[in-house]
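Okay, so here's the structure we're looking at.
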Amino acid sequence: MENRYKSYGHSRPSRFSPRRSYGRNTRKSSGISTNQYIAKAIETETSNIYVTDALFNDFNLDPILQKNVLSKRYTIPTKIQNEAIPAILAGKDILGIASTGSGKTAAFLLPMINKFINDGTQTCLIVVPTRELGSQIQDEFRELAKGTNLKSVLIIGGKSIRDQMYILDKRPHFIIATPGRLKDIFDRRGVNLGEVNNVILDEVDRMLDMGFIDDIRYIIDKLDPNRQSLFFSATMSFKAEAIANSLLKNPVKVEIESQSPQHNVDQDVIRVDGSKRKEEVLLDLLSKEEFKRVLIFTRTKRNADKLSDYLYDQKLNVDALHGDKRQSQRTRIIDGFKRGDFNVLIATDVASRGLDVSNITHVINYDEPECYEDYIHRIGRTGRAGKKGFALTFIDR
Ligand code: AMP
């Protein structure tokens, strides 16, 4: 399949003196063939993640929730919401195969909040792979639980453990946590996991990739055995299945195929053959009208910073997100990108996990991903909630 952006390789040589080219020295074989980076978005009914003949009113949620859903402008439930909400309301365990972008956060939060409105003695633990995903879930929780007296706490690394233990002491209803920090607090007797009678494991495959398997097992083991358990993962590996088996009782399986990013995302490659510097090719792209909100991936923190400096020097509105930045800086950067304070964000893979910014028009893989799974994760940041997105991958091999 030919592509629109390929012609850069034949452009005239740069009139600038040769400088270092960002990204090349980190090139490593990804084992991904070029063909895997090319696909057309499928604009058929299957790419629609909504269930058009259903309404949120059909779920009989508490009036406060109906109002909050309305103020978030959710009118039509997504497929996962349509299938999971009634099952969770009926008290069932859920095995959900779905990734971010499918509307899964509201799919588990709405019925859980509904349950807690009716019984405030419950405790719910939500375990997530990253700080960013945790804080996004907490943001959504605050909006959806507005007007109820339900409280939450975010238990993540990089923030004061004492503050978190202080809030836990007041027994919030919802504990949103990354596994490592939660285990730390449990070991200091700062949380009673035996009281947790509702648990949600979100993005299990990511947690396993990040090496959290032992922490997850450790945590599950301590929970109230008479609990309601929800499990969400984008893919089901052997390990993920083992976790699901130890967690769930007679689960309802909800599998959302069509949210796969490939369906919504036009994917293409940009070949750079040395006749024009990579960063200049990128600059040309970013000057195009349609590149409104762009997320650029580099493999290393150093490349992210260098590229950010280069684009900043070229007067672009840009910032960089990576693991060397403090948590408060990362939150500020993500919020700024969401608000549109700047329209180009450069990120490393780890920093972008769970990043949920709507209307990202383009994802650019400036450095190729390490593996195909990372690729799928990266391009899933665009084309969200049924919108079409674009993903471009620089190839210089
Ligand atoms: P999630 O898969 O939970 O990360 O959600 C992806 C995005 O879809 C988020 O920006 C949500 O705010 C949005 N969203 C979730 N449910 C709906 C809905 N029913 N209608 C419109 N947008 C939604």
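The values are calculated or read from the model by the stated rules, or taken from the named source; none is laboratory data. Computed from a prediction, not measured in an experiment: that's the story for all the values here. Backbone-built Cβ (ideal geometry, glycine too); neighbour counts: all protein chains shown.
Of note:
- Test: residue in the range 350-362 that is acidic (Asp, Glu) and either in contact with a Pro (Cβ under 8 Å, 6 or more places away or on another chain) or loosely packed, with under 15 Cβ neighbours inside 10 Å (or both): no
- Residues within the range 300-320 that are touching a residue at least 40 places away in the same chain (Cβ under 8 Å) and closer than 21 Å to Phe390 by Cβ, tallied: 2
- Among residues of the range 351-374 being at pLDDT 85 or above and either in contact with a strand residue (DSSP E or B) (Cβ under 6 Å, 6 or more places away or on another chain) or in a helix (DSSP H, G or I) (or both), the one that is farthest from Thr78 (Cα to Cα) is Tyr366.
- Among the candidates Gln138, Gln122, residue that is in contact with a Ser or Thr (Cβ under 7 Å, 6 or more places away or on another chain) and surrounded by fewer than 24 Cβ atoms within 10 Å (Cβ to Cβ): Gln138
- Those residues of the range 165-204 which are in a helix (DSSP H, G or I) and touching a residue at least 40 places away in the same chain (Cβ under 8 Å), in sequence order: Pro179, Leu182, Leu193, Glu195, Val204
- Pairing residues of the range 89-116 that are among the acidic types (Asp, Glu) with residues that are part of a loop (DSSP other than H, G, I, E, B) and away from the ligand (no atom under 13 Å from the Cβ), at Cβ distances under 8 Å and at least 6 apart in sequence or on separate chains, gives Asp93/Leu248; Asp93/Lys249; Asp93/Asn250; Asp93/Pro251.
- Taking the range 299-319 as the range and being in a strand (DSSP E or B) and under 14 Å from Glu279 (Cβ atoms) as the test, only Val318 passes.
- Any hit, the range 236-245, residues being under 20 Å from Val191 (Cβ atoms) and among the hydrophobic types (A, V, I, L, M, F, W, C): no
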